[in-house]
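In what follows, a structure is listed as structure tokens, so that the remarks can point back to it.
Computed from the coordinates by the stated procedures, all read-outs in this text should not be read as laboratory data. Keep in mind it's a predicted model, so treat the numbers as computed, not measured. Note: ideal-geometry Cβ built from the backbone for every residue, glycine included; neighbour counts use all protein chains shown.
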Amino acid sequence: MTTKMKKVLCFIFLISSFHLCHGQTLSECNLGPWRLGMTRAQVIAQPEHGPYVPVNATGGGLETFNATLDGKKENVSFVFDDDRVKYLQVFKYEGSDYAGARAAALDVFRIFSSQFGGATVHGVVIDGSQELSAGAFTAFIEKTLGTSVEMGESMKKEQGVVMLMTFDMKPVIQPQYCRLHSQLIYHSRTKIFYVFMFLDEPRGLDRTKASAIEISPL
């Protein structure tokens with residue numbers, strides 16, 4: 001393990017968007033014009049956000065690249081169970097540019113902080129508090145995702161492995177009828193960053209990763 005990787009892992013250990021409709025209460029749980037439990041017909045009945053494209057990988061789901069959320073164009077995916085929306089996924093960022101991933105992560109943090117009482121990152125505690133300030137979250141992103149490309153290349157060269165880095169971010173206060181979850185990801189195999197936002201049922205799948213860093217052979 002390189003010195004750089006040790007420092008990042010030690011940092012992680014030691015410190016161990018979308019727009020919800022204006023005026024919405026914490027008991028409600030909408031993503032723009034959509035909500036959990038909608039039928040497929042109800043989802044596509046929002047033509048201004050289409051076209052809606054089938055997604056075979058999610059068992060007959062849908063996605064649109066034309067959702068306007070918080071004044072921005074977003075890629076939103078809908079996964080169904082018995083013709084009802086089981087969960088929604090917002091692709092806040094997908095690409096090779098760290099600056100883009102950083103901006104998307106900060107946008108999710110802003111939404112959680114302004115609408116849901118703050119944000120936490122799984123396993124991260126600073127000064128005895130799980131709730132992170134904007135400055136602490138920014139420093140965390142710089143120390144982790146900001147060094148992930150260099151770390152991934154080092155691990156590939158020195159150990160012959162690829163790295164998947166995933167951090168789980170949640171709001172301090174969850175809405176009553178859904179669960180919000182964000183994942184900040186870097187995969188050294190593809191050299192791609194991802195920033196996802198999920199809108200799940202309250203008792204849906206727990207998306208929290210057991211480990212922030214997973215390695216696998218080349």
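For the reader, a short list of remarks on this structure follows.
- Unit Cα scatterers, Debye sum, the range 79-144: log10 I(q)/I(0) for q = 0.23 Å⁻¹: -1.02
- Full extension of the chain between Gln46 and Phe65 yields a length gain of 5.5 nm, computed as 0.36 nm times the residue separation minus the alpha carbon distance.
- When all alpha carbon pairs of the chain are counted in 10 Å bins from zero, the resulting P(r) reads 8, 32, 34, 19, 6, 0 %.
- Inter-probe distance in nm under a simple model that places probes 7 Å from Cα toward Cβ, at Asp127 and Arg110: 2.3 nm
- Diagonalising the gyration tensor over the Cα atoms of the range 114-218 and scaling each eigenvalue by 5 before taking the square root yields semi-axes of 27, 17, 10 Å, largest first.
- Only Lys, Arg (+1) and Asp, Glu (-1) charged, at Cβ; the range 3-217 dipole about Cα centre in debye: 440 debye
- When the chymotrypsin sites (Phe, Trp or Tyr not before Pro) in the range 113-187 are filtered for DSSP coil states and for at most 15 other beta-carbon atoms within 10 Å of their beta-carbon, the remaining sites are Tyr177.
- For the pair Ala57 and Leu205 in one chain, pulling the backbone fully straight at 0.36 nm per residue adds 51.5 nm over the alpha carbon distance.
- With a Förster radius of 45 Å applied to the C-beta separation of Gln176 and Glu150, the computed FRET efficiency comes to 0.60.
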